[in-house]
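In what follows, a single structure is set out as structure tokens and then discussed.
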Amino acid sequence: MSLQSWGMYPLVENEVIKFSSEKELQEKLDTADELVAYGNGRSYGDSALADTLVHTKPYDYFLDFDVTNGILEVQAGVLLSEILEGVVKHGWFLKITPGTKLITVGGAIASDIHGKNHHIEGCFSECVQEFTLMLADGKIVTVKKDEELFLATCGGMGLTGVILTAKLSLKKINSQFINQTTIKTRNLKETFAAFEEYKHLPYSVAWVDCLAKDENIGKSLLMVGEFADDGDLRYKPKSKLNIPFNFPSFALNTLSVKAFNWLYYWKSQDGVSKQRVHFDSFFYPLDSIRNWNRIYGKNGFTQYQFILPKESSFDGLERILDKISQSGKGSFLAVLKLYGKKNENYLSFPIEGYSLALDFKIEKGLFELLDELDAIVVECGGRIYLTKDVRVSKETFEQGYEKIETFRKFRKENNMSEKFNSLQSKRLGL
Ligand SMILES: Cc1cc2nc3c(=O)[nH]c(=O)nc-3n(C[C@H](O)[C@H](O)[C@H](O)COP(=O)(O)OP(=O)(O)OC[C@H]3O[C@@H](n4cnc5c(N)ncnc54)[C@H](O)[C@@H]3O)c2cc1C
């Protein structure tokens, strides 16, 4: 059976390679022409799609856990959720975690993912002490921080080789709960002011009403928080709801998004409110519904995520939100985050500034709208996130990533560009 991406667009057929030992993978790599690794398919676009995929999720043993110092060694197919099930009870947590725990360690490194604490802790590569990588000729190398292979592989979208194992450092916690503060804002100015006021806290994220107009553009619920300190570490993940089939595509339209946004914003208390919430609902609210991607219908959806430098963030976001609101193409999910300094990796997404992520169902006129938004992103000096992307043009992409030529040269010189390719790498000439 073919593997697909989370956005279920494009739907493609592929041959899936599985392996249970390094030797088996070496043999399969030797006979295959072109391929790319596939973790758990939580990337939205075409970065993990190709005619031939190496499915790494079944490669999922825990190798070592230094419980005193919080150092964990795992095979690359282990899910972040599986790590949490093993380590939280010992008072450890992931230093960096995205908005879903259902991704593999290999996928986290390849996208150099970030979480709600980028402004303080940076990207996933910060917690990667070293990893092993199978290169195009089947050789296995151990890659350490600051080496060129580290800079090219973290954020390199699987285009340098297959990550096999990783050694990660964890974060000490003393509770499974988060002390959360919610700030209700009426416009973008207030939202930015609130982000700045609470930026000393480790975690922050804002849900934005992207259909709000005029003086209400950018009205949001900003959620900030930090781990509680009550010693309660008895973690047991809850069971999940399931979306059993694709919704009809008319189910999601401007009206339903408007109604949802109104209710979500309205039910939250005015001003500032405080709550104690479980880390699962704070970090991973969407994971509680299995297959939620099916609500977008059989044509699938895409996530548009861009980041703008701090100095142009306010102006750029106001223009982009205005365009979206005028287009009437609403998104339930419109998530704004604050980012700290960028790292040295060649293709990691974050730069210091603000990023907005929006989900849109695939429909007529969408890509034209996103092209218009791209033009604003480029004008503001921003960039698009590869792990979410399925349609950006090569020109737009290149203008955002100043190290793209270094990455291309590195791939070419090390014979990686002949072996490791995805639909995305071909589209963008990565
Ligand atoms: C609900 C939701 C919320 C999300 N929130 C965030 C967020 O807050 N921050 C964020 O940064 N991302 C976020 N993401 C995106 C997600 O974290 C990334 O796309 C992640 O890379 C997916 O990991 P995966 O294991 O599913 O990999 P896949 O989607 O299968 O692959 C993603 C990329 O990693 C490569 N890859 C996978 N495994 C390996 C390996 N072993 N060796 C080499 N390359 C490999 C693939 O080739 C591909 O390029 C979110 C996604 C969802 C669905």
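The values are calculated or read from the model by the stated rules, or taken from the named source; none is laboratory data. Not measured: the values here are computed from a predicted model. Note: ideal-geometry Cβ built from the backbone for every residue, glycine included; neighbour counts use all protein chains shown. Keep in mind that these areas ignore ligands, DNA and RNA; they rest on the heavy atoms of the full protein, side chains included. Shrake-Rupley method; radii C 1.70, N 1.55, O 1.52, S 1.80 Å.
At-a-glance table
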quantity	calculated
The listed residue being modelled with pLDDT of 95 or more, farther than 26 Å from residue 137 by Cα and touching a Ser or Thr at 6+ places or on another chain (Cβ under 8 Å), out of 5, 47	5
Segment 307-339, subset of a type in the set (Gly, Ala, Ser) and open to solvent by 10 Å² or more (accessible area, probe 1.4 Å), residue nearest to residue 128 (Cα to Cα)	312
Conditions (1) open to solvent by 10 Å² or more (accessible area, probe 1.4 Å); (2) out of contact with any Cys (no Cβ under 9 Å at 6 or more places or on another chain); (3) in contact (Cβ under 8 Å) with a residue 24 or more places away in the chain; number of the one not met by residue 2	(3)
Selected residue [outside any loop (DSSP other than H, G, I, E, B), open to solvent by less than 30 Å² (accessible area, probe 1.4 Å) and away from the ligand (no atom under 13 Å from the Cβ)] from 87, 143	87
Residue 409 vs. criteria more than 15 Å from the ligand (Cβ to nearest atom), open to solvent by 60 Å² or more (accessible area, probe 1.4 Å) and under 21 Å from residue 299 (Cβ atoms)	no
Selection count, segment 146-168, where residues are more than 29 Å from residue 383 (Cα to Cα) and either more than 12 Å from the ligand (Cβ to nearest atom) or in contact with a Pro (Cβ under 8 Å, 6 or more places away or on another chain) (or both)	1
Residue list for segment 118-140, restricted to those being more than 12 Å from the ligand (Cβ to nearest atom), surrounded by fewer than 20 Cβ atoms within 10 Å (Cβ to Cβ) and either part of a helix (DSSP H, G or I) or in contact (Cβ under 8 Å) with a residue 12 or more places away in the chain (or both)	120, 121, 126, 129, 130, 136, 137, 138, 140
Yes/no for residue 376 being assigned to a loop (DSSP other than H, G, I, E, B) and among the β-branched types (Val, Ile, Thr)	no
Residue list for segment 383-407, restricted to those being part of a loop (DSSP other than H, G, I, E, B) and of a type outside the set (Phe, Trp, Tyr)	389, 390, 391, 392, 393, 402, 403
Of residues in segment 280-291 being buried (at least 19 other Cβ atoms within 10 Å of the Cβ) and among the hydrophobic types (A, V, I, L, M, F, W, C), the one nearest to the ligand (Cβ to nearest atom)	283
Residue under evaluation residue 277, criteria (1) in contact with a strand residue (DSSP E or B) (Cβ under 9 Å, 6 or more places away or on another chain); (2) aliphatic (A, V, I, L, M); (3) within 16 Å of the ligand (Cβ to nearest atom), criterion not met	(3)
Subset of segment 99-113 (residues that are more than 6 Å from the ligand (Cβ to nearest atom) and either open to solvent by 10 Å² or more (accessible area, probe 1.4 Å) or aromatic (Phe, Trp, Tyr) (or both))	101, 102
Given (1) acidic (Asp, Glu); (2) within 10 Å of the ligand (Cβ to nearest atom); (3) open to solvent by 20 Å² or more (accessible area, probe 1.4 Å), number of the condition residue 82 does not satisfy	(2)
Residue count, segment 13-61 (criterion: farther than 19 Å from residue 75 by Cβ and in a helix (DSSP H, G or I))	2
Which numbered condition residue 381 fails, given (1) within 16 Å of the ligand (Cβ to nearest atom); (2) open to solvent by 10 Å² or more (accessible area, probe 1.4 Å); (3) not hydrophobic (A, V, I, L, M, F, W, C)	(1)
Residues within segment 418-430 that are touching a residue at least 24 places away in the same chain (Cβ under 8 Å) and open to solvent by 40 Å² or more (accessible area, probe 1.4 Å), tallied	3
Which numbered condition residue 261 fails, given (1) under 22 Å from the mean Cα position of the chain (by Cα); (2) crowded, with 18+ Cβ neighbours inside 10 Å; (3) within 24 Å of residue 7 (Cβ to Cβ)	(1)
Contacts under 6 angstrom Cβ, first residue in segment 335-362 being over 18 Å from residue 398 (Cα atoms), partner of a type in the set (Phe, Trp, Tyr) and open to solvent by 20 Å² or more (accessible area, probe 1.4 Å), 6 or more apart	362/9
Residues satisfying the stated conditions in segment 270-279, i.e. under 22 Å from residue 219 (Cβ atoms) and open to solvent by 70 Å² or more (accessible area, probe 1.4 Å)	270, 272, 274, 275
Search result, residues across segment 296-306 that are in a loop (DSSP other than H, G, I, E, B) and open to solvent by less than 50 Å² (accessible area, probe 1.4 Å)	297, 300
Matching entry among 67, 36 (being within 8 Å of the ligand (Cβ to nearest atom) and over 23 Å from residue 246 (Cβ atoms))	36
Flag if residue 16 is touching a Ser or Thr at 6+ places or on another chain (Cβ under 9 Å), within 15 Å of the ligand (Cβ to nearest atom) and hydrophobic (A, V, I, L, M, F, W, C)	yes
